[in-house]
Amino acid sequence: MSAGQGVVIGADGLARCPWGGGSADYVAYHDEEWGRPVHGETALFERLTLEAFQSGLAWITILRKREGFRAAFDGFDADAVAAYDESDRARLMADAGIVRNRAKIDAALRNARAVVDLRAAGGLDALVWSQTPTGHIPPRTTADLRATSPESVALAKALKRAGFVFVGPTTMYAAMQACGLVDDHLAGCHRSGAR
């Protein structure tokens with residue numbers, strides 16, 4: 001058995017992954033979203049974009065700005081974002097409701113164009129879900145959590161070939177966790193195995 005941290009018991013008596021037992025924002029995200037299957041172009045584009053913006057930041061920052069991101073990026077409608085021009089880029093850089101990082105904003109715009117182009121090859125949903133691992137064993141403790149997997153490496157490569165940026169293997173593994181391709185709720189967590 002690993003020496004990492006196991007589940008924590010919340011004030012409501014439910015066992016959760018340690019990160020999911022803190023603020024109300026984390027509890028809601030852990031219990032209602034993280035690890036549940038996400039399908040559809042808009043929903044997946046949003047998750048990939050938010051994971052890219054999270055890189056180097058605490059996830060709570062992204063959660064608390066999520067509605068700002070949705071407003072700023074037209075609800076993550078890929079067609080709308082793909083059509084953004086320099087004035088939109090300037091608007092996004094001035095928007096305190098999101099993370100104002102030029103490289104990440106540019107990546108979101110480029111990735112929107114890649115999402116649109118990917119439709120001819122089956123779409124974003126098909127590409128992402130083609131990398132679902134088989135035989136994944138949920139972790140027992142935090143020491144068992146991984147940062148990448150062969151599937152996240154393959155997904156990152158496939159997305160890069162399709163024109164995406166800011167989609168490295170670690171970011172893609174986080175997206176796979178968030179979108180339910182893998183169940184990384186710790187053993188004993190009330191959400192483990194409950195997709």
(Q) Just to check I understand the Karplus step: with θ = phi - 60° and J = 6.51 cos²θ - 1.76 cosθ + 1.60, what whole-Hz values come out for the range 117-130, glycine and proline as x? (A) 5, 5, 4, 5, 9, x, x, 5, 4, 4, 5, 4, 6, 5
(Q) To make sure I understand the rule: partners must be lysines, Cα under 26 Å from the Cα of LYS65, and not fewer than 8 residues away in the same chain. Which ones qualify? (A) LYS104
**Q.** Table column - 3J(HN,Hα) (Hz), the range 66-74, Karplus curve with 6.51, -1.76, 1.60, x for Gly and Pro
**A.** 4, 5, x, 4, 4, 5, 5, 10, 6
Q: Rank LEU50, TYR84, MET172 by how far each Cα sits towards the positive end of the charge dipole of the chain (+1 on Lys, Arg Cβ; -1 on Asp, Glu Cβ) and give me just the farthest.
A: MET172
**Q.** Phi to ³J(HN,Hα) by Karplus 6.51 cos²θ - 1.76 cosθ + 1.60 over the range 160-174, Hz, x for Gly, Pro
**A.** 4, 4, 7, x, 7, 10, 6, 10, x, x, 6, 4, 6, 5, 4
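Taking 0.36 nm per residue of separation and subtracting the Cα-Cα distance, what length does fully extending ALA90 through ILE137 add?
Values: separation 47, 0.36 × 47 = 16.92 nm, distance 4.45 nm.
Between ALA90 and ILE137, full extension yields 12.5 nm more.
Using only alpha carbon positions, build the gyration tensor of the chain, then give the equivalent ellipsoid semi-axes as the square roots of 5 times its eigenvalues, largest first, whole angstrom. Numbers along the way, then the final one.
Values: eigenvalues 173, 80, 35 Å².
Semi-axes (√(5λ), whole Å): 29, 20, 13.
Taking neighbour Cβ counts within 10 Å as the exposure measure, how do GLU46, GLU67 sort from fewest upward? Intermediate values should be presented prior to the final figure.
Numbers: GLU46 20, GLU67 11.
Exposure proxy ranking, most exposed first: GLU67, GLU46.
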Q: Would you please give the FRET efficiency between ALA162 and ALA43, computed as 1/(1 + (r/R0)^6) with r the Cβ-Cβ distance and R0 = 25 Å, to the nearest 0.05?
A: 0.90
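Would you work out the relative contact order for the chain, in percent, from Cα pairs under 8 angstrom that are 6 or more residues apart? Numbers along the way, then the final one.
Working: 274 pairs, mean separation 63.1, N = 195.
Relative contact order here is 32 percent.
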Q. Separation of the range 161-194 and the range 1-69 by C-alpha centroid, Å?
A. 10 Å
Q. Under a 5 Å amide H to amide H cut-off, with H placed in plane at 1.01 Å, what residues pair with GLY22 once short-range neighbours are removed?
A. VAL27
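Since every read-out is calculated from the coordinates, none of them should be taken as a lab result. Nothing here was measured: the structure is a model prediction, and the numbers come from that model. When we count neighbours, we look across all protein chains shown, and the Cβ atoms used for this are built from the backbone with ideal geometry, even at glycine.
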